[in-house]
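Have a look at the structure below before the remarks.
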Amino acid sequence: MTTRRRSATASWWRLWTIQGSWNRQNMQNLAWLVAVSPWLRDRTTGEQRGPWLRRYRGFFNTNPYLAPLLVGFVQRFEDEGRATAAPALVTGLSRTLGSLGDGLTWTGARPAFALVAAIGAVILGAWFVLIPWLIFLVAQGWTRSWALRVGYDRALDIGAALASLPIHRVTAAFQAAAAAAVGALIVTVMVAAPDRLSGAVGEKPIWVWLVGSVAVGIVVAELASRRRLDPTWIPWSAAVGLSLAYRLLA
Amino acid sequence: MELDFLPLLIAATLGALAGGDRTAFGQTLLAHPIVAGSLAGWCAGASGPGVWLALGITCIAAARVPVGEARVRDWTSAAIVGPFVAGEAAWTWGFALLLASVVASAGGRAIEAVRELARRRDLRLEAAVDAGDLRALERTHTGLVVAHFVRGGLVTLAAVLVGRACLAWISPRVDPATGQILAFIWWLTPAMGLPILLRFQLSVGSSTRNLLKWLAGGAVTATLAWQLSERLVAPI
């Protein structure tokens, strides 16, 4: 194994913990320096490391799944002797990747996988969640490896490299898949809920309770989206609402 | 109140692994309430009710994207605790759901405490940075990663113990009407939470109309699948 491959493998493992020392001051900076350190050990002497670390010390925050791209980028830039320009570029790129990656993962891929897990778990049983989890685990591990490689190989034309990536299209595809999964989940819940409620709702038909719950949910969703209601209060609000409804309906 | 050691150990281990995944290692979806909660139900021997509880929590948690949160919430521990606290009676699952919202707040504060610790430890590294002491950086980082795993385990374990103690105290005092209401909370929360999920998922894309088409497509497909197979939804 070459020195570069060995340090890249060590960085890849460390990048799994990119959020591990996240804090409100320097955010991911410590984890990022730790992820670069295998390469730093190979390339620098003890005296050179202090100034090197100082140059990259400070605020650093980006999408955790795409952070490897920046590690590869810095390694290549430093290898090419362009150390002066690298810190400013890293700051700019971390924001770009943060924006692109957060859309891709938090509003696209993760909801899509989680909703598929939810539908499968309701229909087939709890064990089903292992399948989307394992697929996501492998896919994001591969993404980290790919990002590390692309960051190094395309560091000198990183702008063109990022522009050529189909991140927006992939994000839109995941968001569409998640929307379809929400539609399927609505039907699944409405089909599954009466099984639980039958015989337990008194004289009123089951649909009265279901429609009432959805109506309450619409109001709660509106309040939560306007940040008027903390989500942790939703079950307690439901308890109060159901107590009142029970007195009226049951 | 019975204190069976093995379920507590399983709850704490699952809490540690999922808690670590939530904040420190991977973000692999293990920490998602539907995954962590379903697995907790499976481990606790209450697979079906665990899935239903996790689904309710998933819908509630969808009200916020976990990016740039002002107040952090730990829905992972919240989803794990329920199946290890609730019993066979349906109302105990409603109690577990109410407990989950408390655990989400308490767990969130614990996450913030570890992050504050990280901030302080990070600020103390300036001398190590100037000296180029990579080992000091690695030691601090590793210690903080471990702290997140320990936090997840401790929060889950403490919540299960407190939850069981509360349940043991409440059980003889629950009248039939209160029990019925608690059961309803558990049964109806997924239905109540669907608009929250819907609102979030339709607000993320550039074209709501396009997403609505996909949503309708998913609903129609699921309806047809249900019509084709009466056994699609197994009694869980």
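The values are calculated or read from the model by the stated rules, or taken from the named source; none is laboratory data. All values reported here derive from a predicted model rather than from experimental measurement. Because the Cβ atoms are built from the backbone with ideal geometry, glycine has one as well, and the counts that use them run over all protein chains shown. These accessible areas exclude ligands, DNA and RNA; they are computed on the full protein's heavy atoms, side chains included. Shrake-Rupley method; radii C 1.70, N 1.55, O 1.52, S 1.80 Å.
The residues listed here are B:ARG119, B:ARG109; of these, the one that is open to solvent by 20 Å² or more (accessible area, probe 1.4 Å), at pLDDT 95 or above, in the same structural domain as B:PHE25 (by TED's automatic domain parsing) and over 30 Å from A:ALA238 (Cα atoms) is B:ARG119. Taken as a whole, the condition of being closer than 19 Å to B:TRP52 by Cβ, modelled with pLDDT of 95 or more and not polar (S, T, N, Q) applies to B:ALA79. Looking at (1) more than 7 Å from every other protein chain (Cβ to nearest Cβ); (2) touching a residue at least 12 places away in the same chain (Cβ under 8 Å), which one does B:PRO172 not meet, given that it meets all the others? Among (1) more than 7 Å from every other protein chain (Cβ to nearest Cβ); (2) touching a residue at least 12 places away in the same chain (Cβ under 8 Å), the lone unmet condition for B:PRO172 is (2).
Evaluation of A:ILE18 against the conditions (1) out of contact with any strand residue (DSSP E or B) (no Cβ under 8 Å at 6 or more places or on another chain); (2) within 24 Å of A:LEU137 (Cα to Cα); (3) open to solvent by less than 50 Å² (accessible area, probe 1.4 Å); (4) assigned to a helix (DSSP H, G or I) shows that the sole unmet condition is (4).
The listed residues are A:VAL219, A:VAL138, A:VAL211, and the only one of them that is assigned by TED's automatic domain parsing to the domain that holds A:ALA83 and of a type in the set (Val, Ile, Thr) turns out to be A:VAL138.
For the range A:67-95, the candidate set comprises residues that are within 14 Å of chain B (Cβ to nearest Cβ) and within 21 Å of A:ARG5 (Cβ to Cβ); within that set, the residue that is surrounded by the most Cβ atoms within 10 Å (Cβ to Cβ) is A:PRO68. Across the range A:26-33, a minimum of one residue is classified as under 22 Å from A:SER145 (Cβ atoms), crowded, with 24+ Cβ neighbours inside 10 Å and in contact with a Gly (Cβ under 7 Å, 6 or more places away or on another chain).
Being open to solvent by 10 Å² or more (accessible area, probe 1.4 Å), among the charged types (D, E, K, R) and free of Cβ contacts under 8 Å to residues at least 12 places away in the same chain is a property that holds for B:GLU138.
Residues in the range A:21-36 that are outside any loop (DSSP other than H, G, I, E, B) and free of Cβ contacts under 8 Å to residues at least 24 places away in the same chain: A:LEU30, A:ALA31, A:VAL34.
Residues that are open to solvent by 30 Å² or more (accessible area, probe 1.4 Å), at pLDDT below 75 and either within 21 Å of B:VAL102 (Cα to Cα) or within 7 Å of chain B (Cβ to nearest Cβ) (or both) occur at least once in the range A:187-195. Evaluated against (1) at pLDDT 85 or above; (2) open to solvent by less than 50 Å² (accessible area, probe 1.4 Å); (3) outside the structural domain of B:ALA16 (by TED's automatic domain parsing); (4) of a type in the set (S, T, N, Q), B:SER229 falls short on exactly one condition, (1).
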